[in-house]
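Report on one structure; see the data block that follows.
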Amino acid sequence: MNKNYYITTPIYYPSAKPHMGHAYSSIIADFFARFKKMDDFNVHFLTGTDEHGLKIQRSAEKQNKDPKSFCDEISKIFEDLTNTLNLSNTDFIRTTEDRHKASVQNLWKVLEDNKQIYLSKYSGWYSVSDEAFYNEDEVEEKGGIKIAKISGSVVEWVEEESFFFKLSNWEKPLLKFYEDNPKFILPESRKNEVVSFVKSGLKDLSVSRKTFSWGIKVPTEKNHVVYVWLDALTNYLSSLKYPDQDNELYNRFWPATLHIIGKDILRFHAIYWPAFLLAANIQPPKRVYGHGWILSGDEKMSKSKGNILDPLEIINIYGLDPLRYYLLKEVSFGNDGNISEEKLENCINSDLANNYGNLCQRVFSFTEKNCSSSIPGHQYNEDDLNILNSMTNSEKIRTFIDNQDINQYMNFIVDRLFASNKYFNDQEPWKKKDDNLRLSSIVYTSLELIRKITILLHPVMPQTTIKVLNTFNVQEQNIQFSSIENNEFLTKGNTINKLDILFKKIEKNND
Ligand code: MSP
């Protein structure tokens, strides 16, 4: 069985500081990476910054900075964010690094050798904000300004000499690829959009620019720079030391298992990227998942609306783990979702303080008082076994993960939390003080339930769950998903370390 897992986030434009949408893509990818790690996979988890192109050049010019020092500053903020978000990434790539330049120039040469690139002239619409070319029918006029219908961003007319990639040749092979790999694009609804776009006909793609210089030079024509999307997408190969295709990283991790991206950049990942790779005789990635947008209240975040949510502010007030939990549980994965302080507070109170926190607190303080803070003995009855066995179905849970069904995964956890609290209530261990074995068995079962749920919650809330698992002397490097199969993991007589309150309930002011 292939136990290698390569997951990526989009590489972010360091044109402004990170917002909640960036944090969302990264947290999602980290969730999958952490799950796979605790399921004994070798995980390569890549994130980074996308630093070339006109958008960055113009942002730098606005601040009177040269593009490289401008990128150095903002890329550092994105890199710091990986720590703030507690990401388990194994690489952080910047497209201005030499390893990446070599990789892009090599891919270009392969495409040229394979007769996939020719020189011609481009005339058409271009959006600097999206770094994308648009056809006439994809553009409309609003208030005298031409904008791209799909994104609403301003487009400008471009006419210049340019290299073209023969994308039109790849229409049929792409359709066949989607057919042979029905889960290449998820969610299903987005796949349909892509397939109909490809069926409607693909035009050759302009893949170089000549009127500005901030980019990777075309190796055979130094006054052209490589189109920023061909440059950026190649980052997924650069991290594996491409063009060397005979090294351990490349052999283990290519083709990538999963590219996590936002729905707005699906066309680049699901059409251009596999076409470039097929044209270079490289296998396309296994899956591209286009998630929805995080809205601020009910609106798209934008500078002009002044409603940009800063993940750092939210983390300062509420902590990281509650934010991670909220984004994974409350947003229907694949669809747009929103975040507001009120919703986040409700989620913290109901799910974290009242459900998970409460279960831990009750069981641990009962154990402290009645079992001298050590793991008691047990003899299971049917009730104990029933609830414990409802959490041994690891194959079902692996399937949720492999289908990126985050919501089913989270619902399973919440459901088992309710069931575990109910079990503890119904068994009334406080009334069993004259039946020591029964009392001990209820405590042991409850501790096992907490252990299993905490393992499932680990990829969601790494910091909090490590605290809970440490009470059982399980250290981070020893967390193993497969141990949820075991109903008797805890050893009688072992000490249970003290656990502080996990989540404080947020008092609401109702006036
Ligand atoms: N640089 C390109 C990606 C290149 S990948 C080879 C890019 N960068 S970006 O910084 O503009 O966006 C990065 C990601 O953040 C995209 O997946 C985008 O969809 C996501 N988000 C930006 N705003 C978002 C929300 N409001 N909500 C959720 N994600 C959104 O595109």
ask   = Mind checking which residues of the stretch 31-51 are more than 8 Å from the ligand (Cβ to nearest atom), within 27 Å of Ile308 (Cβ to Cβ), touching a Ser or Thr at 6+ places or on another chain (Cβ under 6 Å) and not in a strand (DSSP E or B)?
value = Ala33, Glu51
ask   = Within the stretch 1-30, restricting attention to residues that are out of contact with any helix residue (DSSP H, G or I) (no Cβ under 8 Å at 6 or more places or on another chain) and open to solvent by 30 Å² or more (accessible area, probe 1.4 Å), which residue is farthest from the ligand (Cβ to nearest atom)?
value = Met1
key: Tally of residues being more than 11 Å from the ligand (Cβ to nearest atom), polar (S, T, N, Q) and surrounded by 14 or more Cβ atoms within 10 Å (Cβ to Cβ) across the stretch 294-337   = 0
remark   = Among strands (runs of 3 or more DSSP E) entirely within the stretch 128-176, at least 3 residues that are open to solvent by less than 60 Å² (accessible area, probe 1.4 Å) occur in 132-134, 156-165
query = Hey, any hits in the stretch 277-293 for a residue that's assigned to a strand (DSSP E or B) and either away from the ligand (no atom under 14 Å from the Cβ) or of a type in the set (A, V, I, L, M, F, W, C) (or both)?
reply = yes
key: Residues that are away from the ligand (no atom under 12 Å from the Cβ) and open to solvent by 10 Å² or more (accessible area, probe 1.4 Å), drawn from the stretch 255-271   = Pro255, Thr257
message = If Ser75 meets every condition in (1) in contact with an Asp or Glu (Cβ under 8 Å, 6 or more places away or on another chain); (2) in a loop (DSSP other than H, G, I, E, B); (3) within 22 Å of Ile265 (Cα to Cα) apart from one, which number is that one?
response = (2)
note = Apart from one, (1) open to solvent by less than 10 Å² (accessible area, probe 1.4 Å); (2) free of Cβ contacts under 8 Å to residues at least 24 places away in the same chain; (3) over 19 Å from Ser365 (Cβ atoms) all hold for Leu469; the odd one out is (3)
message = Whether any residue in the stretch 348-357 is open to solvent by 50 Å² or more (accessible area, probe 1.4 Å) and either among the polar types (S, T, N, Q) or within 31 Å of the chain's Cα centre (by Cα) (or both) is what I want to check.
response = yes
request  = Check every one of the helices (runs of 4 or more DSSP H) wholly within the stretch 182-251 and list those with 2 or more residues that are without any contact (Cβ under 8 Å) to a residue 24 or more places away in the chain.
outcome  = 188-199
remark   = Selection from the stretch 168-212 of residues modelled with pLDDT of 95 or more, within 30 Å of Ala60 (Cβ to Cβ) and not charged (D, E, K, R) yields Leu205, Ser206, Val207, Ser208
task = Please work out if Pro274 is within 30 Å of Phe253 (Cα to Cα), away from the ligand (no atom under 12 Å from the Cβ), open to solvent by 10 Å² or more (accessible area, probe 1.4 Å) and not polar (S, T, N, Q).
result = no
query = Here are some conditions: (1) open to solvent by 20 Å² or more (accessible area, probe 1.4 Å); (2) modelled with pLDDT of 95 or more. Phe78 meets all but one. Which one does it not meet?
reply = (1)
query = Given the conditions (1) open to solvent by 80 Å² or more (accessible area, probe 1.4 Å); (2) under 30 Å from Ile27 (Cβ atoms); (3) not hydroxyl-bearing (Ser, Thr, Tyr), which single one is not true for Leu447?
reply = (1)
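The values are calculated or read from the model by the stated rules, or taken from the named source; none is laboratory data. Note that the structure is predicted; figures quoted are calculated from it, not measured. Glycine also receives a Cβ, built like all others from the backbone with ideal geometry; neighbour counts cover every protein chain displayed. Calculation scope for accessible area: heavy atoms of the full protein, side chains included, ligands and nucleic acids excluded. Shrake-Rupley method; radii C 1.70, N 1.55, O 1.52, S 1.80 Å.
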